[in-house]
Amino acid sequence: MSFEHLDEDSIIRGLKTRSFGRSLVIVDECGSTNDVMKGMAESGAPNGSVVIAETQTAGRGRLGRAWYSPRGGVWLSILVKAQELPSLLNSLPLVGALGIAKPLAEKWGLNARVRWPNDVVVGWRKIAGISVESKSKGNELIYAILGIGINANFDSNKIAAISGASASLLILLGGPVNRENLITVILSETEKMYESLHGSGGKDLVALLRELDCSRGEHVKVRTPEREIVGIIDDYESLSRVRIITGNGFESIENSALVSVDYQSD
Ligand code: BTN
């Protein structure tokens, strides 16, 4: 299969954001866009800078897992710098997931849902994942990198490593998606949500999350550094805190404490 290369001009023309993507780098291949962005952040790149790769040779998922990143996908990292970040940091994965699921549902007509803590799924098959890496100095957070991976224009069924649990937009939509359009729309949505988180603490985002979520009512096994919690996801207390019903009552878990999350339905 041959792939159309991303058209940088068309992304720039389509941007409706204030800062996300206003400084934009597109590379053909890299290890991980998160690492490229780290280098840019260290050299003083501005808030909202974005790096996109056509393919990654060492893409990283959450918890250091490998992330398969063939040509045709959307692999990008956004630099987020804000003084209030420490308290917002744990909300960023779900901000990214909402910023993808909402437009995929509204504009592309997919039944896209957010699966806690950081996935976008259609029919329980993963189509996108979000990672957050950050740098701090003492208690001060210097920057965060929001990594977004979307299985777009490649045939996920042909990739044994992901075919069972994942799907791609190519398969779900029955043809390729306009990646430039997808990228500009997602940058807009994610920026709006990030600003709302920043401004109002994200109360409206919890309401949107309840609309788009598919995790509540699911049986999970969650590990934190101290213990293992088995139960049913009950509700979101905030974008960074989930409540689980266990045999002994309720447990409230902050996203930062997560070591792993396993769904019984997987
Ligand atoms: C996950 O679901 O585990 C998160 C996946 C995040 C993948 C993206 S692709 C762009 C960026 N670069 C990386 O190496 N990872 C993130």
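Here, each number is a calculation from the coordinates, and none is a lab measurement. As the structure is a prediction and not an experimental result, all values here were calculated from the model. FYI the Cβ positions are ideal-geometry reconstructions off the backbone, even for glycines, and counts take in every protein chain you see.
Given the structure, is ALA66 within 17 Å of LYS38 (Cα to Cα) and either surrounded by fewer than 17 Cβ atoms within 10 Å (Cβ to Cβ) or of a type in the set (D, E, K, R) (or both)? Give the derivation first.
Numbers: within 17 Å of LYS38 (Cα to Cα): no; either surrounded by fewer than 17 Cβ atoms within 10 Å (Cβ to Cβ) or of a type in the set (D, E, K, R) (or both): yes.
So ALA66 does not fit the description; no.
Considering only the stretch 54-85, state which residues are assigned to a helix (DSSP H, G or I), in contact (Cβ under 8 Å) with a residue 40 or more places away in the chain and either on the phi > 0 side of the Ramachandran plot or touching a Ser or Thr at 6+ places or on another chain (Cβ under 7 Å) (or both).
ARG62, LEU63
Kindly check whether there is at least one residue in the stretch 20-36 that is free of Cβ contacts under 8 Å to residues at least 60 places away in the same chain, touching a Cys at 6+ places or on another chain (Cβ under 6 Å) and crowded, with 19+ Cβ neighbours inside 10 Å.
yes
Going through the stretch 101-137 one residue at a time, which ones are small (Gly, Ala, Ser) and either part of a strand (DSSP E or B) or farther than 20 Å from VAL220 by Cα (or both)?
Within the stretch 101-137, ALA101, ALA105, GLY109, ALA112, ALA128, GLY129, SER131, SER134, SER136 meet the criteria.
Give just the number: which of (1) in contact with a Ser or Thr (Cβ under 7 Å, 6 or more places away or on another chain); (2) surrounded by 18 or more Cβ atoms within 10 Å (Cβ to Cβ); (3) more than 21 Å from ILE142 (Cα to Cα) does VAL51 not satisfy?
(3)
Among the candidates ARG60, ARG115, single out the residue that is over 25 Å from VAL27 (Cα atoms) and either of a type in the set (Ser, Thr, Tyr) or within 16 Å of the ligand (Cβ to nearest atom) (or both).
Sole residue among the options that is over 25 Å from VAL27 (Cα atoms) and either of a type in the set (Ser, Thr, Tyr) or within 16 Å of the ligand (Cβ to nearest atom) (or both): ARG115.
Please find, among LEU88, LEU98, LEU141, the residue that is more than 15 Å from the ligand (Cβ to nearest atom), in contact (Cβ under 8 Å) with a residue 12 or more places away in the chain and in a helix (DSSP H, G or I).
LEU88
Condition first: under 18 Å from the mean Cα position of the chain (by Cα) and either hydrophobic (A, V, I, L, M, F, W, C) or more than 12 Å from VAL222 (Cβ to Cβ) (or both). Now tell me which residues in the stretch 242-256 satisfy that.
Here is the first cut: in the stretch 242-256, the residues under 18 Å from the mean Cα position of the chain (by Cα) are 242, 254-256.
The answer is VAL242, SER256.
Restricting attention to the stretch 14-53, which residues are of a type in the set (S, T, N, Q) and either within 21 Å of GLU195 (Cβ to Cβ) or part of a loop (DSSP other than H, G, I, E, B) (or both)?
THR17, SER19, SER23, SER32, SER43, ASN47, SER49 - these are the residues of the stretch 14-53 that are of a type in the set (S, T, N, Q) and either within 21 Å of GLU195 (Cβ to Cβ) or part of a loop (DSSP other than H, G, I, E, B) (or both).
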